[in-house]
Amino acid sequence: MAQLSGSSHTNGGTSWKVDGPLFHVNALQGASVVASSGVLPPHGAYFWARGANVIWLTYDEGVHWRTAVFGAGVDDLRSRHGTLEAVVFGAQVRAAALQRFLYVSTDSGKTWRFHRRLADFHT
């Protein structure tokens, strides 16, 4: 998992760095808030920020990080018994409606498969 690590042994804690990926979206409104995070057995974890189209994943306690990118955006992310379920947006079908789909990963986010179409999202 990402954690803050200091340089206190060299400069008394004056400098700090993030030991892992930065979980934010560059935008005018500033950093996004992590909306969903959790553990993936045996050594994984995931993070997702509301409004983002990227899910950050690790399978080796944060040594390596990968991203799952869903072009139109992610509406929701949850984990059930080690299986990740991502509700993702699709095409705009009407002036105030977007398609939504459920994608599932059973291998800590390494691969994703389409599961089914969900009800459209109405703005």
>> Looking at ALA96, ALA49, can you tell me which residue is more than 22 Å from PHE114 (Cβ to Cβ) and within 15 Å of the chain's Cα centre (by Cα)?
In response: ALA49
>> THR83 - would you say it is open to solvent by 50 Å² or more (accessible area, probe 1.4 Å), at pLDDT 85 or above and touching a strand residue (DSSP E or B) at 6+ places or on another chain (Cβ under 8 Å)?
In response: no
>> Given (1) in a strand (DSSP E or B); (2) at pLDDT 85 or above, identify the lone condition not met by ALA35.
In response: (2)
> So, of the residues in the stretch 64-80 that are within 12 Å of GLY51 (Cα to Cα) and at pLDDT 90 or above, which turns out to be most open to solvent (accessible area, probe 1.4 Å)?
Replying inline: ASP76
> Among all residue pairs at least 6 apart or on different chains, which show Cβ distances below 9 Å where the first residue, located in the stretch 56-73, is among the basic types (Lys, Arg) and the second is not in a loop (DSSP other than H, G, I, E, B)?
Replying inline: ARG66/TRP56; ARG66/LEU57; ARG66/THR58
>> Anything in the stretch 76-98 that is closer than 15 Å to ALA45 by Cα, assigned to a strand (DSSP E or B) and either in contact with a Phe, Trp or Tyr (Cβ under 7 Å, 6 or more places away or on another chain) or in contact (Cβ under 8 Å) with a residue 24 or more places away in the chain (or both)? List them, or say none.
In response: LEU77, ARG78, SER79, LEU84, GLU85, ALA86
>> So for the stretch 1-11 (the condition being exposed (fewer than 10 other Cβ atoms within 10 Å of the Cβ), modelled with pLDDT of 85 or more and at negative phi), does at least one residue qualify?
In response: no
> Which residues, taken from the stretch 99-123, are aliphatic (A, V, I, L, M) and either surrounded by 12 or more Cβ atoms within 10 Å (Cβ to Cβ) or in contact (Cβ under 8 Å) with a residue 40 or more places away in the chain (or both)?
Replying inline: LEU102, VAL104, LEU118
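The values are calculated or read from the model by the stated rules, or taken from the named source; none is laboratory data. Just so it is clear, the model here is predicted, and its values are computed rather than measured. Glycine gets a Cβ as well: all are built from the backbone with ideal geometry, and neighbour counts include every protein chain shown. Quick note on the areas: whole protein, heavy atoms, side chains included, nothing else; ligands and nucleic acids left out. Shrake-Rupley method; radii C 1.70, N 1.55, O 1.52, S 1.80 Å.
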